[in-house]
Each structure stands twice: as C-alpha cells, then as structure tokens.
Amino acid sequence: MKASSKLFPNLSSYLPDRQQRLLQDCEFLRNLLRISETRDACTVLSKLNWFSKDKEALEHSSGWLFTPTGNRLMAVSQELASAMSPRPEFAEPPKWTALQGVLDEVRELYVSPEEVPPGGPSVVIFVADDASQLQLTDLLKRGIARTKMDLKKSIRTVTGDPDIHPLWDPDQVFPFYTKEMEETEGSRKDVVGNIQKNQKEATRAVKKRKKVAETLVGIKQRNLEHFGIMRYRRTVEKGYFH
C-alpha cells in the first residue's frame with residue numbers, strides 16, 4: 001500500500017508530483033531502515049534488488065537509487081551480504097550470536113524439579129513484527145548456519161549445505177503472531193497473565209534459594225560497622241555504640 005493512500009486517501013489530489021515521489025521514497029526508506037534494524041543484510045539487499053527491478057516502483061520514485069548515496073547504499077548492502085560469494089556466508093546480525101549465548105546460559109542453569117512449572121521451563125522472546133518472528137522461529141529451529149544459507153538463496157545461487165544445529169529444541173518453539181492475537185479474543189491478556197505468573201514464581205524461587213543459602217552459611221552477612229570499616233565517629237552519631 002502506498003504511503004499516500006495509507007495515510008491520506010486524497011493526498012494525490014493536491015500534492016505536486018515531486019512531493020508525491022518524495023513521500024513514496026520516505027516510505028520505502030523507512031521500511032528499509034526497519035528491516036535493517038530487525039533482520040539481516042541479505043533481506044535488506046533483496047529488498048533493494050526488488051526495488052531496482054520493479055518498473056512501477058522506479059516510475060513513482062525520485063530516482064534516489066541512482067544517486068551517489070543510493071549507489072553507496074547498494075554497495076554496502078552487497079558487501080555485508082557477501083553477494084559476490086556463492087558460499088552461504090555473510091555478516092549475520094550480532095544479536096543472533098548474542099541470543100545463542102543467552103540460550104546456552106539458560107540451558108546450563110540448574111533448576112530443581114520443584115521449581116519447574118507444570119508446562120515446563122520456558123523462555124519468552126519479544127520481536128518487532130511478524131516478519132521478524134518468522135525469521136527468529138527458523139533461526140531457533142535450524143541454527144545460524146542453516147538460516148544464513150536460506151537467506152543467501154534470496155539474492156543468489158548458493159553452494160554448500162550446512163548442517164542443522166538448532167539453538168533450542170524445535171519441538172518446544174512456539175511462535176505467536178500478531179494476527180493470531182487479534183483474532184483470538186483474550187489471547188493477549190492470557191499471554192500477559194502467564195508472563196506475570198511466571199515472573200512471580202521465579203521471584204519466589206529466588207527468595208527460596210536465598211533462604212537456603214543463608215541456612216547453609218549459618219549466619220546472615222554482617223553490617224560494615226562490625227568489621228571496623230565505618231568510621232567510629234559516624235557510628236557513634238548514629239547511635240550504634242553507647
């Protein structure tokens with residue numbers, strides 16, 4: 001949907017042609033920026049390639065793609081996506097490896113059977129939109145290397161077939177899309193309620209572990225004045241010593 005028809009249905013009736021083109025360019029570049037923030041370099045390059053080959057899109061554009069800035073944007077996108085290489089490699093988003101590290105830490109955490117809820121332990125990941133949700137689901141189920149190969153195929157022919165190394169158990173990955181939340185009455189409230197419930201259970205579990213740790217140590221941690229760290233005058237003024 002065009003920006004003019006989406007935001008202002010009758011915009012074309014009073015805007016000059018040049019301003020309409022600039023408005024279309026702003027819409028496309030804004031969407032491109034959102035993709036670059038939430039997804040990957042291959043998806044950005046695929047979007048640029050589509051724009052450069054779409055006759056109607058170019059006709060409604062101001063021609064920014066053929067300016068030095070547009071050429072630079074295309075060149076940087078090709079470099080980040082390793083467009084000249086047939087290998088399924090490119091500069092993946094740093095948040096992918098960060099997510100992998102976090103999930104590895106979560107997997108290594110010890111949780112006693114008494115602290116596990118009936119549905120089992122879970123990790124909730126929030127994303128920006130449904131497209132990011134779909135990509136994240138593939139990433140969790142197939143792993144970074146295999147996801148990179150699938151994305152690289154959107155811009156060129158790829159050689160090689162990396163193995164699948166899931167970041168999480170594929171049978172335990174459950175995406176929840178915005179459209180499903182809108183169609184299912186009360187589903188959003190259920191999700192929020194479940195999150196709050198899990199947070200309360202986690203808080204109680206932390207307090208329980210803290211009490212157990214204090215019991216093992218024998219005594220609680222003493223205040224600083226008991227170790228002679230605080231100045232004597234200050235402790236006297238506050239009434240610690242008489």
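What the table below lists for this structure:
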item: Any hit, the stretch 19-29, residues being among the aliphatic types (A, V, I, L, M), surrounded by fewer than 19 Cβ atoms within 10 Å (Cβ to Cβ), without any contact (Cβ under 8 Å) to a residue 40 or more places away in the chain and under 29 Å from D150 (Cα atoms); result: yes
item: All positions within the stretch 85-98 that are out of contact with any helix residue (DSSP H, G or I) (no Cβ under 8 Å at 6 or more places or on another chain) and over 16 Å from L45 (Cβ atoms); result: P94, K95, A98
item: Cβ pairs under 8 Å, 6+ apart, first in the stretch 135-154 and at positive phi, second of a type outside the set (D, E) and not in a helix (DSSP H, G or I); result: G143/P162; G143/I164; G143/H165; G143/P166; G143/L167
item: The stretch 32-54, subset without any contact (Cβ under 8 Å) to a residue 12 or more places away in the chain and not basic (K, R), residue farthest from F126 (Cα to Cα); result: D54
item: Enumeration of residues in the stretch 41-87 that are surrounded by fewer than 16 Cβ atoms within 10 Å (Cβ to Cβ) and more than 20 Å from D25 (Cα to Cα); result: E79, M84, S85, P86, R87
item: Qualifying residues in the stretch 159-194 (those that are closer than 21 Å to V102 by Cβ and not in a loop (DSSP other than H, G, I, E, B)) - the one modelled with the highest pLDDT; result: P170
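The values are calculated or read from the model by the stated rules, or taken from the named source; none is laboratory data. Being a predicted model, the structure only gives us computed values, none of them experimental. Note that we place each Cβ from the backbone using ideal geometry, even for glycine, and neighbour counts take in every protein chain shown.
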